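Asks: The structure's right below; bear with me while I get my questions together.
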Amino acid sequence: MIKVLFVCLGNICRSPMAEFVMKDLVKKQGLEQEFYIESAATSSEEIGNGMHQGTIAKLEQMQIPYGNKTARQIAKADYEKFDYILGMENRNVQNIVRIIGQDREAKVCRLLDFSKHPRDIADPWYTENFDVTYTDILEGCQAFLEFVKKEMK
């Protein structure tokens, strides 16, 4: 089983969107039994809070099922639990490493590092543009899934 943790600052916008987009992609390809997918925050600011209304609205618009997600912070133990820890931007990656310690197995990177155009995913908390965030997350999740499928062979 491939264990994936998506991480952003608060775990209310980008990382839960990535979690549910990825769950939808693997389900549509009949691979849901091959994956365990979660999301978390680097900060403690939003712990226990639900997803941002903009994230919920975008997932509903795209007909992507989502659960009753509440924000949680990444813990040092997550490094051993997950195979991939995917931040949404460079600052997330830096904070993930600060929390987990050394990335000995090179598990930590940005989601869009798997795409043809590696870059940060802008935080819609600040930009208020959930459409661009969704497009970037979908691009990253699709590229990551293709990468993992090649690794599974």
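The values are calculated or read from the model by the stated rules, or taken from the named source; none is laboratory data. Just so it is clear, the model here is predicted, and its values are computed rather than measured. Cβ atoms come from the backbone with ideal geometry, glycine included; neighbour counts cover every protein chain shown.
Asks: Give me a count of the residues in region 102-130 that are part of a helix (DSSP H, G or I), loosely packed, with under 14 Cβ neighbours inside 10 Å and either within 15 Å of the chain's Cα centre (by Cα) or not hydroxyl-bearing (Ser, Thr, Tyr) (or both).
Replies: The total comes to 0.
Asks: Starting from region 109-126, keep only residues that are closer than 18 Å to residue 22 by Cβ, then list their pairs with residues that are of a type in the set (A, V, I, L, M, F, W, C) and modelled with pLDDT under 95 whose Cβ atoms are within a distance under 8 Å, requiring at least 6 positions of separation or different chains.
Replies: none
Asks: Being in contact with a helix residue (DSSP H, G or I) (Cβ under 8 Å, 6 or more places away or on another chain) and either β-branched (Val, Ile, Thr) or farther than 20 Å from residue 41 by Cα (or both) is the filter here, so list the residues in region 118-143 that pass it.
Replies: Within region 118-143, 118, 121, 127, 131, 132, 133, 137, 139, 142, 143 meet the criteria.
Asks: Return the pairs, sorted by first residue and then second, in which the second residue is among the small types (Gly, Ala, Ser) and in a helix (DSSP H, G or I), the first residue lies in region 23-42 and is closer than 20 Å to residue 108 by Cα, the beta carbons are less than 6 Å apart, and the residues are 6+ apart or on different chains.
Replies: Within 6 Å, the pairs are 39/15.
Asks: Those residues that are surrounded by fewer than 15 Cβ atoms within 10 Å (Cβ to Cβ) and either touching a Leu at 6+ places or on another chain (Cβ under 6 Å) or not polar (S, T, N, Q) (or both), I need them from region 131-153; list them, please.
Replies: Matches in region 131-153: 131, 132, 146, 147, 149, 150, 151, 152, 153.
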